[in-house]
Each structure stands twice: as structure tokens, then as C-alpha cells.
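Undergrad: Below is the structure I would like to discuss, written out as C-alpha cells.
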Amino acid sequence: MSIRKALYGKMGIREDVYEFGRQVEESLARRFQKLDAVAEYNQLKVIHAMQKNRVSESCFYPSTGYGYNDLGRDTLEQVYADTFHTEAGLVRPQITCGTHALAVALFGNLRPGDELLSPVGKPYDTMEEVIGIRPSRGSLAEYGVTYSQVELLEDGTFDYASIEKAITPKTKMVTIQRSKGYLTRPSFSVKQIGELITFIKNIRSDIICMVDNCYGEFVDTIEPTDVGADLMVGSLIKNPGGGLAPIGGYIVGKEEYVENASYRMTSPGLGKEVGATLGVNGSFFQGFFLAPTVTRSALKSAIFAANVYEKLGFAVVPDGREPRQDIIQAVTLGTPEGVVAFCKGIQHAAPVDSYVDPEPWDMPGYDSQVIMAAGAFVQGSSIELSADGPMKEPYAVYFQGGLTWEHGKFGILKSLQEMVDAGLVSLS
Ligand SMILES: *Cc1c(COP(=O)(O)O)cnc(C)c1O
């Protein structure tokens, strides 16, 4: 027996599960090679931007107080801007999460009387309160910014006729969410997003097109900013933080719009000039450097999970073969026991908090109990291996992350072992 197999055995993976995983992994060799090619390209893209901007050791020094003349911060923002081929960037630890980054971009660019349009259906849950779809204190709606939404067609494509009708002289900004998040619609490819933006710009070229790029960075060789997006926004505890950023969000795009956002992030008049980095610059740079290969690990883990569970007869979205637009994988296990067993496996594979059992709980804002598995170095980080699922029909888990492919694979094998042990699947 190989020492590797023996160690898997010691860590709770029995031979039949190990073998099953090995066969699935072997069948994915060609697919994984393609992911390697994307990661290689994106790795070069990031290094190129770092070299061009002369990143140096002095970029890692912390600033305090107002944070004037923070060389590292300003250089990092230019590295993001160059990597994503935009004029400007705002990359800050003061941006607390993805929702905050999106809110800053929206509030910074919308004024009373303006309208925001989502041509891709309902946005991410937390955005409902930012926009005021669900009445909420301090929402855009309270400031007199209206909102309209066009649903996707049955097949998940854009309803161009209705989008054209929804664009009025008031329409100032359009928000396009790349990843399906936790909805059932498909995620959009960058190419599709480009077609949508072109359509909108042909109607009115001055509409600001913003893309919520959460979970999408480095999945492809092009990003929404390569196909016309004026603003692109995301979270640093997802793909672009590479697992090392302990906090943060980014906004990149046209100089004017990024600057508008900066006046909302800090204060009118101050904008980008203030904001101490308190020592996080090194992690931001190093995390961005690692992000292309970390994203590849998460993608390999998601594709492996899809193929393992599809082979066992479970419904998986995306399926085992389709192209990926983000790092999220849904697996419909069909029973509450299945959801719990899956999440236990992910938890027990973690480097942190591996000894705890995740339990369903009444999470605020949800209409059913939710179970979450995460043993993360950074709280809530979903580029780290994690899974969660609402305890309701159809009993699906959403799985994402994996800083290394080896850890992602171990997590999925652990989940499968838990399923086998609970008598929920049989490998023979
Ligand atoms: C995660 C996510 C957000 C919000 O980010 P938080 O960091 O959780 O606030 C917004 N949109 C999408 C598509 C996301 O995946």
C-alpha cells in the first residue's frame, strides 16, 4: 500500500471511497489541464502588473492614522487596475465585505431621482436591503433612488425586449451579477455579460454598467472589464484575496466612477487620499499573487465534487462537464441526513476546527434552519473550503473553495465517507 493511501486510511478514508475518488480524478485529467492553462495565463497577468508597477518591499510597510501617501496601497490599486485592464482601482481593508463594496459603488454613483436596473433578475440576498427591495434603513430607496428588475427568460438567457423597455431616461446604472450565488439560474460567462453590456450601451452609452464579480475572478482568462463593464466589484475573502487577505473588498473601473465610490467609502473631499492600511498590504499583494492558482484549486475541487456526486446519481449544478463561470457547486442530496453528513465531512477535513460537528441552526434572515461547515483561517472566507445548505427541500448543499486542490479533494472524500457511513450511498 502506498504511504499516501495509508495516511488517507489513518484519516478516516476507507479503501472503497479512496478508489472511487481515484477513478473520478483520473477521468478528469484533461479537464484539469485546461484549468492549469487558465491559471498559468492569469498568474502571468498578475506578475506582469506587479512588475510594471515596480512592487517593492517598501510596499509592505504599514501606514497609520490618515494613511496619507501609503505607497503600498496606491501601488496595489494600480496592480488591480492593470490586471483587470481598467483606469483605476479601490482596494481597501476599510471595505468590510462584498456587500459593502457593492453598496459603496452604488451609493457613490447614484443620486436622488436616478434609477438602478438589474437586467438579470433578483440580485444576491444581501443586496435586497442595500437597494431597498426589502425595506431597510439607509437603503438606496430611502434616498430616492428607484429600482427596476427584468427577469431572465425561462432558459436563463437575457430578455432583451423587456430590458430595452425597462431603460428610461432615469436609468443611470445597471447591475449585473455574474455568479448565480445561491439561486438556481445559470451563472453567466464573461462573453454573455459582454453581449448584454453592448446591447445596453447601444441604447444609451452613458449608462454605468457595473458587474458584481464575486466568485468569478480568475475563473476565465477574461473578466467583465475586458468586455465593457464600467465598474467591477468583489470581495477579498473570496477569489482575489487568495486566502491571505484577512478582510477587504475591491472596486475597479473607469476613473470617474471609482473616484465617486471613494467619496462614499471615506468622505466627500477625502476620497482615496486617506485610509491607513495598518499592515495588511503584504497579505493583499501576496494573496493577489496566489489568487489565480488558489482559484484553480477551488475549481478543481468543485468539478471533482460534481463528478463524484453525479456518478452516484445525485443532481449537481453545474453538471460534471459544463464550463465553469464561478467556484460554486450545488449538490442536491435529497434528504436532511444527506445535507448533514456532507457538511460533517467538509468540517472534519478542515485544518481548523476539524473536531466540531456542524449543526443546523436558526440563522437570522432565513426561513428555515441552515447548516454550515467551515474550518477557516479567515472567518467567513468562502475561498476556503466550505459548505452550507438550508434544511429544506430539495436538500441541496452549496459547496465552494479549497485553497489547495489536495485539501478540496480530501474534503469531498470525507463527505463521501460520511455519506457511506450513514448508509446514504453505496459504492458497490
Ligand atoms: C458573496 C457575494 C456577495 C456579498 O459578499 P459578502 O462578502 O458576503 O458581503 C454579493 N454577491 C455575490 C454574487 C456573492 O457571491
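The values are calculated or read from the model by the stated rules, or taken from the named source; none is laboratory data. The model shown is predicted, which means the values in this text are computed figures rather than measured ones. Quick reminder, even Gly has a Cβ in these numbers, built from the backbone with ideal geometry, and neighbours come from all protein chains shown.
Undergrad: Modelled with pLDDT of 95 or more, touching a strand residue (DSSP E or B) at 6+ places or on another chain (Cβ under 7 Å) and farther than 16 Å from ASN307 by Cα: does that describe ALA374?
TA: Numbers: modelled with pLDDT of 95 or more: no; touching a strand residue (DSSP E or B) at 6+ places or on another chain (Cβ under 7 Å): yes; farther than 16 Å from ASN307 by Cα: yes.
Taking the combined requirement at face value, the residue does not satisfy it.
Undergrad: Sort out which residues of the stretch 175-193 are at pLDDT 95 or above, under 19 Å from VAL150 (Cα atoms) and out of contact with any Gly (no Cβ under 6 Å at 6 or more places or on another chain), and write them in order of number.
TA: The answer is THR175, ILE176, GLN177, PHE188, SER189, GLN192, ILE193.
Undergrad: Restricting attention to the stretch 120-139, which residues are in contact with an Asp or Glu (Cβ under 8 Å, 6 or more places away or on another chain) and on the phi > 0 side of the Ramachandran plot?
TA: GLY121, GLY132
Undergrad: Could you check PRO351 against (1) surrounded by fewer than 15 Cβ atoms within 10 Å (Cβ to Cβ); (2) within 16 Å of the ligand (Cβ to nearest atom); (3) over 26 Å from ARG185 (Cα atoms) and say which number it fails?
TA: All conditions pass for PRO351, except number (2).
Undergrad: Restricting to the stretch 134-153, name every residue that is modelled with pLDDT of 95 or more and farther than 12 Å from LEU117 by Cβ. Walk me through how you get there before you give the answer.
TA: From the stretch 134-153, those modelled with pLDDT of 95 or more are 137-153; that's our starting set.
Across the stretch 134-153, the qualifying residues are ARG137, GLY138, SER139, LEU140, ALA141, GLU142, TYR143, GLY144, GLU151, LEU152, LEU153.
Undergrad: Considering the stretch 256-282 alone, what residues qualify as being of a type in the set (Gly, Ala, Ser), buried (at least 22 other Cβ atoms within 10 Å of the Cβ) and in a helix (DSSP H, G or I)?
TA: Step one: list which residues in the stretch 256-282 are of a type in the set (Gly, Ala, Ser), which gives 261-262, 267, 269, 271, 275-276, 279, 282.
Keeping just the survivors that are buried (at least 22 other Cβ atoms within 10 Å of the Cβ) gives 261-262, 275.
Within the stretch 256-282, ALA261, SER262 qualify.
Undergrad: Among the residues of the stretch 304-315, is there at least one that is over 26 Å from SER189 (Cβ atoms), out of contact with any Lys or Arg (no Cβ under 6 Å at 6 or more places or on another chain) and among the aliphatic types (A, V, I, L, M)?
TA: yes
Undergrad: Looking only at the stretch 157-172, decide whether some residue is within 16 Å of the ligand (Cβ to nearest atom) and under 23 Å from the mean Cα position of the chain (by Cα).
TA: Of all residues in the stretch 157-172, those within 16 Å of the ligand (Cβ to nearest atom) come to none.
There is no residue in the stretch 157-172 that is within 16 Å of the ligand (Cβ to nearest atom) and under 23 Å from the mean Cα position of the chain (by Cα).
Undergrad: In this structure, does GLY132 turn out to be closer than 17 Å to GLY234 by Cβ and touching a Phe, Trp or Tyr at 6+ places or on another chain (Cβ under 9 Å)? Before you say what the answer is, go through the steps one by one.
TA: Working: closer than 17 Å to GLY234 by Cβ: no; touching a Phe, Trp or Tyr at 6+ places or on another chain (Cβ under 9 Å): yes.
No, not satisfied.
Undergrad: Follow-up. Out of all the residues in the stretch 135-175, which are basic (Lys, Arg) and either in a loop (DSSP other than H, G, I, E, B) or in contact (Cβ under 8 Å) with a residue 40 or more places away in the chain (or both)? If you could, list the steps in order and put the result at the bottom.
TA: As a first pass, look at the stretch 135-175 and keep what is basic (Lys, Arg): 137, 165, 170, 172.
Scanning the stretch 135-175 gives ARG137, LYS170, LYS172.
Undergrad: Taking the options GLY345, GLY334, GLY313, name whichever one is buried (at least 17 other Cβ atoms within 10 Å of the Cβ) and either of a type outside the set (Lys, Arg) or in contact with a helix residue (DSSP H, G or I) (Cβ under 9 Å, 6 or more places away or on another chain) (or both). Lay out the reasoning, then the answer.
TA: Numbers: GLY334 fails: buried (at least 17 other Cβ atoms within 10 Å of the Cβ); GLY313 fails: buried (at least 17 other Cβ atoms within 10 Å of the Cβ).
That would be GLY345, the only listed residue that is buried (at least 17 other Cβ atoms within 10 Å of the Cβ) and either of a type outside the set (Lys, Arg) or in contact with a helix residue (DSSP H, G or I) (Cβ under 9 Å, 6 or more places away or on another chain) (or both).
Undergrad: Can you name the residue in the stretch 178-223 that is among the hydroxyl-bearing types (Ser, Thr, Tyr) and away from the ligand (no atom under 16 Å from the Cβ) and is also surrounded by the most Cβ atoms within 10 Å (Cβ to Cβ) among such residues?
TA: Checking each candidate, the answer is THR221.
Undergrad: Continuing with this model, one more query. From the list PHE410, PHE377, PHE399, exactly one residue is buried (at least 24 other Cβ atoms within 10 Å of the Cβ), aromatic (Phe, Trp, Tyr) and farther than 19 Å from LYS10 by Cβ. Which is it?
TA: On inspection, the qualifying residue turns out to be PHE399.
Undergrad: So which residues in the stretch 68-127 are in a loop (DSSP other than H, G, I, E, B), within 15 Å of the ligand (Cβ to nearest atom) and not small (Gly, Ala, Ser), if there are any at all? Steps first, please.
TA: To start, the set of residues in the stretch 68-127 that are in a loop (DSSP other than H, G, I, E, B) comprises 68-70, 84-87, 93-97, 110-114, 119-124.
Going one step further and asking which of them are within 15 Å of the ligand (Cβ to nearest atom), we end up with 93-97, 120-124.
Correct list: PRO93, GLN94, ILE95, THR96, CYS97, VAL120, LYS122, PRO123, TYR124.
Listed here are the residues, each with its yes/no results for (1) within 16 Å of the ligand (Cβ to nearest atom); (2) of a type in the set (Gly, Ala, Ser); (3) not assigned by TED's automatic domain parsing to the domain that holds PRO318.
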{"site": "LEU236", "(1), (2), (3)": "yes, no, yes"}
{"site": "GLY243", "(1), (2), (3)": "yes, yes, yes"}
{"site": "GLY249", "(1), (2), (3)": "yes, yes, yes"}
{"site": "LYS254", "(1), (2), (3)": "no, no, yes"}
{"site": "SER262", "(1), (2), (3)": "no, yes, yes"}
{"site": "THR266", "(1), (2), (3)": "no, no, yes"}
{"site": "LEU278", "(1), (2), (3)": "no, no, yes"}
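Undergrad: Go through the stretch 12-60 and give me each residue that's farther than 30 Å from PRO323 by Cα, surrounded by 14 or more Cβ atoms within 10 Å (Cβ to Cβ) and not small (Gly, Ala, Ser).
TA: ARG14, ASN53, VAL55, CYS59, PHE60 - these are the residues of the stretch 12-60 that are farther than 30 Å from PRO323 by Cα, surrounded by 14 or more Cβ atoms within 10 Å (Cβ to Cβ) and not small (Gly, Ala, Ser).
Undergrad: Here is a follow-up. Looking at the structure I just gave you, is THR64 of a type in the set (Ser, Thr, Tyr) and within 21 Å of the chain's Cα centre (by Cα)? Spell out how you get there, then give the answer.
TA: Numbers: of a type in the set (Ser, Thr, Tyr): yes; within 21 Å of the chain's Cα centre (by Cα): no.
Taking the combined requirement at face value, the residue does not satisfy it.
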